[in-house]
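Taken together, the values in this text are just the output of simple stated rules run on the coordinates, not laboratory data. Keep in mind that what you see is a predicted model, and the values were worked out from it rather than measured. Because the Cβ atoms are built from the backbone with ideal geometry, glycine has one as well, and the counts that use them run over all protein chains shown.
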Amino acid sequence: MERRAFAGLTVGVGLLVGALATLFFYGKQFGLSVPIFVGIVSALILILSRPAGRAINWRNLWPLLPVMFFAVMTALRDDWVILWLNLGAILALGALLLHYVSLPRALDTDSFAEQTGNVIQTSFMVLPYAIGEGGEAWSWLREARHNRGRQFTSALRGLAFATPVILVFALLLGSADAVFASYVNKAWMGVQHLLGIQYFGDSFGQLGVTLVFGTLMTGAVGYSLMRKITPPAELVDEEGNPISLPQSDEKRKPGFKLSMIESGIILGSVALLFTAFVVIQFAYFLRRQEQYQR
């Protein structure tokens, strides 16, 4: 599979795992959902190795057994100290598994200090790889935009970028003026009624859990299956010359660029928000003047 297309698949799988995590864990106690979730994540990483074109070193999969053991223990133990110890063991062994799952050398040939260092490295590299996979997926979407639905995609991107900008400015203007804040609250209540959202805080929490687990899953797949593995020093050809990996000379397009449609939607939305703020202030001023005259 093409690199950027696989990145899009990785992000999609990450969001799916995030949604499953929200379904299994949000507002619920740990139980059998933990081993089921761990099993699903492990199976997805093994399945994604095929479209990634990365061979799995089956000898290095033995940490999966203690991972599943500790996952089952979370469902059998009620003590919170033991629970967190089990979760810590799952995370540590999971990081070890992510680092060695596609390495050609065996895990047990490294020393304990090297294994510990690799666990720490994996913990720090998951987030950067998640960002990298997101960037590759974004580049893939940008290229697909040129092939079909360019204007429609640009409009959706413009709305996606404009939404957080409008929310930030609306909160700032609402904090500065109580009258405008009342209109913002009424508008938000109308949106809640239209979309059927009853509890914004609960929805925001669920979205946060989905994004956190989705990011972790995306980074885990990117780090375990797409990172470059340096060949060992003893890798030489028949004549004794070291073998070097071919370097890609593919030129990349700029990672981020807004079109006229996207820029127009963002700037137009901000302009409409400030226009509404001025109109509300002017209407309130006239209303107060009428009350004083009476």
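Computed from backbone phi with θ = phi - 60° and the Karplus coefficients 6.51, -1.76 and 1.60, the 3J(HN,Hα) list for region 7-16 is 4, x, 5, 4, 5, x, 5, x, 5, 5 Hz; x is used for glycine and proline.
Ordering 2, 262 by the number of other Cβ atoms within 10 Å of each residue's own Cβ, fewest first, gives 2, 262. Going from the fewest other Cβ atoms within 10 Å to the most, the residues 22, 116, 109, 122 appear in the order 109, 116, 22, 122. Here each label is just a point 7 Å from Cα along the line to Cβ, and for residue 123 and residue 69 those points are 2.2 nm apart. Modelled this way, with points 7 Å down the Cα-to-C-beta line, the labels at residue 111 and residue 212 are 3.6 nm from one another. Potential lengthening of the chain between residue 272 and residue 50 amounts to 75.0 nm, from the contour at 0.36 nm per residue minus the alpha-carbon distance. The spread of Cα positions in region 1-116, taken along each principal axis and listed from longest to shortest, comes to 44, 36, 18 Å.
Among 223, 292, which comes first, then next, by fewest other beta-carbon atoms within 10 Å?
Numbers: 223 24, 292 7.
Result, fewest neighbours first: 292, 223.
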